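S.K.: Pasting a structure below so you can have a look.
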Amino acid sequence: MPTKYLRAILAFSFLFLFTNFGHSQNLFDIDSIRTIEIDFYDANWDPILDSLAELGVGTGSGSERILADVTIDGVQFDSCGVRYKGNSSMDTTSDKNPFNIDLNWVVAGQKYMGKNKLKLANQYTDPSMIRETLTYEIANKYMDGPHASFVKLFINGDYRGIYTNTESVDNEFLDTYYGSSNNPFFKCDPVSFDLAGGNSNLAYLADTTDYDSLYFMKSSYGTEELQTLCYNLSNNVSNIEQYLDVDRAFWFLALSSALVHNDGYTAFQHNYYLYKMDNGRWSIVIWDVNMSFGGLVFNGTNFLPLSLGAMQTQDPYLHESNFNIRPLIAQLLNVPKYKKIYTAHFKTIMEENISNGDYVQRGIAMTNLIDADMQNEPYNDYTYAQFSDNLYDDIGAWFSLRPGIVNLMEERDVYISSLPEFQAAQPIISTISTSSNQPPAFSNVDFNAEVSNAQSVFLGYRSNHFDVFTKVEMFDDGLNNDGAAGDGVYGTTISIGSSDMEYYFYALNAAAAKFSPLRAQYEFYTLSPEKGVVINEIDAININNGLDQNFEFDDWIELYNNSTDAISLDGYYLSDEYSNLNKWAFPDTTIGPGEYLIIWADMDSFQTGLHANFALDQFGESVFLTDNFGFLTDQVTFPLQEDYTTWGRYPNGTGNFTKLFPSFNAENMTPLEIEEGTIVDVQVYPNPTSGETTVFFSENTNAQLRLTNMMGQLVLEGELNTTNEFVFDASEFDAGMYFLTTSEGESLKIVVE
């Protein structure tokens, strides 16, 4: 390649890196405030949007948009489509309405940090301004839900105030969390509310057309499938797990009740999504939680507004007998084992967030983050003093009561913990084990759990992340590889395949249930069998970790051969879709023993080399490896990815996946574990440099450092032990750009002259 051409490419790469280096790639980073500027083409934008919203009755303020340029943190997008969103939160007389922004309304493919839709909520009726962000943060510990963060919004140069930017529940969301987006999909909001009626309550209706006004279908079909779900919920609850992800439903209902989120299924039976997964079951997605923590003073049983005391003592089993209007609650909670599971999940939410005061600390952090901007809030319905007070103190009264979040939850915690169901002694799952930590593929594995105070113990397992967990009973009878009969060790034997197995345990007694891990089924243990070729590391947001042959920083997937033999990949496939495992076929390729192989995930099959016909989503998705016998031999589901880190196996080739220092085409050496509050400031001087260089931390720390070049190759590795300086000599390095990454979560560029 001509030197001039190479320099041009590198110059462009440097420009890209200087522009984006150090900028958080998490659009929903709750610890920062983004700036969004909307510049409408039409100066008369406000009355136009008002009129469009009035025409869009029952559709979330209409589907028509008007054009605007949108700038996010200084990055401008042309010809975006903007409309109002929301129902009660949208008011044509308001100066602070919620917005729905489509970045690729005209210009196809426009995205910011992987997202083309922005949904800006105005924190309607929330003096604290944090109910939505705090609730979503808690919810995402137990279910796949939207993420949310704060933004400062400007319209045609006019500051409009602090908004919440909430992740859109759309096809991208479904692909990320469910592995598909082609199945029936509904937003559960009626066209008009019947305050004493069913709304989107999942009751069975004999006429499918009756569903049209109660559920907004976002897919091309699905009404009959929804009707089937509703029929089985009311008439076939003993087999409901064939049609509904019951465990996800319990997390959804328990969270709503624990946080007194009445403006959902509880009071008005709306504000959630339903998606039918590839495994045939429907999953519930929480939505629109700005009135959580007692923000709605109705629970579906009252006509006069609830008092603070009524919300503090709101029954966690409310509507348990209301079969006609609340079938999702009544039908499930009247099954004894389901009620115990629901209670166990409820108790976990309270213990992990409320009883320990974590919600208070997170509330303080969020309030402090937006405090300075709230002092200049121009159009808020509440005063700055009310904003400052509402984390702890009540605002308003009667219909306008907005409880202090702490005032509500402290007493609610006392009330919940006093109930007999929550005082009942749970089973104790103290020790879990398998007969092998890395068994041969297609072998039998013994699973054991030491359990006390239990009448029955179960193992849930699956061999694919998107499959339904199979549940089998475990026994303490001395006949199931469980040791001696009656010794408290329960056992069962499972035949595993060649892919990772996800599993969890749960136990029941006459009064209570217990899970291990506590957040199951959302969290689980993983057993990895011995494998030849594995997915070893992925980089879904490659900024400097390896260039392809065209000098492009493409995302990549690294394979590793654990065996002592060369393995031909003829007949192997890679995919990012469970419904299409044969998406990309390997060409005639062999990976030697102990060797690595990089596949570029760039959708550029015209380039030479290994370039897959799909790209990776930095917000998280799944990657599947299928062998030449058609078996799903390996898979990884990765979460939202951050700059200058990767997601890989540790130990290399065999371990579970975790966040790593990048190790492009090399052994995974260093997991990057950052605990909240550990990040300290770091500087490099001189920079640019040509000789002695100092890495200086603002305080003494224990940190590992890695220096990589533009090709992603490791050129220097060091460690600090309770000190704040690391010195190295750059005189031996070639001139160019280098990247310093630390285990404290910092990433810096260094220029060597």
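Values quoted throughout were computed directly from the atomic coordinates according to the rules given, and no laboratory measurement underlies them. These numbers come from a predicted model, not from an experiment. All Cβ positions, even for glycine, are placed from backbone atoms using ideal geometry, and neighbour counts span all protein chains on display.
S.K.: Given labels modelled 7 Å from the Cα in the Cβ direction, how far is it in nm from Asn724 to Trp398?
M.R.: According to this spin-label approximation, the distance is 5.9 nm.
S.K.: Once you list every other residue whose beta carbon is under 12 Å from the beta carbon of Leu214, what net charge do they have if Lys and Arg are +1 and Asp and Glu are -1?
M.R.: Net charge around Leu214: -4.
S.K.: Then there is this: Taking 60 Å as R0, compute the FRET efficiency from the Cβ-Cβ separation of Glu530 and Glu699 and round it to 0.05.
M.R.: Efficiency at R0 = 60 Å is approximately 0.85.
S.K.: Ala441's amide H: which non-local residues (gap 5+, or another chain) put their own amide H closer than 5 Å, with H modeled 1.01 Å from N in plane and none for Pro or chain starts?
M.R.: Glu530
S.K.: Kirkwood Rh over Cα pairs of the range 428-527 into Stokes-Einstein at 25 °C, 0.890 mPa s: D in µm²/s?
M.R.: 181 µm²/s
S.K.: Also, I was wondering about something else. Just want to confirm a number: the relative contact order over the range 145-247, from Cα pairs under 8 angstrom separated by 6+ residues, in percent.
M.R.: Here the relative contact order equals 20 percent.
S.K.: Another question about this same structure. Eigenvalues of the Cα gyration tensor times 5, then square-rooted: what semi-axes does that give for the chain, in whole angstrom, largest first?
M.R.: Computed over the chain, the values are 41, 36, 26 Å.
S.K.: Then there's this: Within 10 Å of each residue's Cβ, count the other Cβ atoms and sort Glu410, Glu621 from fewest upward.
M.R.: Ascending Cβ contact count within 10 Å gives the list Glu410, Glu621.
S.K.: Ranking Met374, Met129, Met277 by Cβ neighbours within 10 Å, fewest first, what do you get?
M.R.: Met374, Met277, Met129
S.K.: Using a 10 Å cut-off on Cβ atoms, rank the peptides 455-463, 316-324, 143-151 from the highest mean neighbour count down.
M.R.: 143-151, 455-463, 316-324
S.K.: For the range 65-168, which trypsin sites (Lys or Arg not before Pro) pass both filters: DSSP loop (anything but H, G, I, E, B) and at most 13 other C-beta atoms within 10 Å?
M.R.: Sparse-neighbourhood loop trypsin sites (Lys or Arg not before Pro): Lys111.
S.K.: Additional query: So if R0 is 41 Å, what FRET efficiency would Glu64 and Asp373 give, r being the distance between their Cβ atoms, rounded to the nearest 0.05?
M.R.: Plugging the Cβ-Cβ distance into 1/(1 + (r/R0)^6) gives 0.85.
S.K.: If we sort 250-263, 537-550 on the protection proxy, mean other Cβ atoms within 10 Å, highest first, what's the order?
M.R.: Result, highest mean first: 250-263, 537-550.
S.K.: Please list, in chain and number order, the residues 5+ apart from Tyr382 or on another chain whose amide H is under 5 Å from its amide H, with Hs placed from the backbone.
M.R.: Counting only residues 5 or more places away or on other chains, the set is empty.
S.K.: Using θ = phi - 60° and the Karplus relation 6.51 cos²θ - 1.76 cosθ + 1.60, list the HN-Hα couplings for the range 236-241 in order, rounded to whole Hz, with x at every Gly or Pro.
M.R.: For the range 236-241, the Karplus-derived couplings read 8, 5, 5, 10, 5, 5 Hz, x marking Gly and Pro.
S.K.: Averaging sequence separations of C-alpha pairs under 8 Å and six or more residues apart, then dividing by the length of the chain, give the relative contact order as a whole percent.
M.R.: 8 percent
S.K.: Let me ask another. Any idea what the dipole of the chain comes to, in debye rounded to 20, about its Cα centre with Lys/Arg Cβ at +1 and Asp/Glu Cβ at -1?
M.R.: Magnitude of the dipole: close to 1560 debye.
S.K.: About the Cα centre of the range 55-160, what is the dipole size in debye to 20, counting +1 per Lys and Arg Cβ and -1 per Asp and Glu Cβ, all else neutral?
M.R.: Roughly 180 debye, rounded to the nearest 20.
S.K.: I've got another one for you. To the nearest 0.05, how large is the calculated FRET efficiency for Lys337 and Asn104 if R₀ is 56 Å and r is the Cβ-Cβ distance?
M.R.: The formula returns an efficiency of 0.75 here.
S.K.: In which sequence would Phe466, Phe657 go, from the one with the fewest C-beta neighbours within 10 Å to the one with the most?
M.R.: Going from sparsest to densest Cβ surroundings: Phe466, Phe657.
S.K.: Can I ask one more? Cut-off 20 Å, label point 7 angstrom out along Cα-to-Cβ of Asp565: give me the residues of the range 471-501 whose amide nitrogen falls inside.
M.R.: Output list for this probe position: 497-499.
S.K.: Once the other residues with Cβ under 11 Å from the Cβ of Pro662 are scored (Lys, Arg +1; Asp, Glu -1), what is the net sum?
M.R.: Residues near Pro662 contribute -2 overall.
S.K.: So, in nm, how far is label Thr654 from label Ser213 when the simple model puts each one 7 Å beyond its Cα toward the Cβ?
M.R.: With each label placed 7 Å out from Cα toward Cβ, I get 6.5 nm.
S.K.: I've got another one for you. Sorted by average packing, counted as other Cβ atoms within 10 angstrom per residue and highest first, what order do 553-561, 211-219 take?
M.R.: Listed from highest to lowest mean packing, they are 553-561, 211-219.
S.K.: Next question, about the same structure. Report the one residue of Tyr265, Ile155, Tyr41 whose Cα lies farthest in the direction of the positive end of the charge dipole of the chain (charges on C-beta: Lys and Arg +1, Asp and Glu -1; origin at the Cα centre).
M.R.: Toward the positive end, the furthest listed residue is Tyr265.
S.K.: Grab the other residues whose beta carbon is less than 9 angstrom from that of Tyr560, score K and R as +1, D and E as -1, and report the net.
M.R.: -3
S.K.: Treat each spin label as a single point 7 Å out from the Cα along the C-beta direction, and report the Glu717 to Glu473 distance in nm.
M.R.: 5.1 nm
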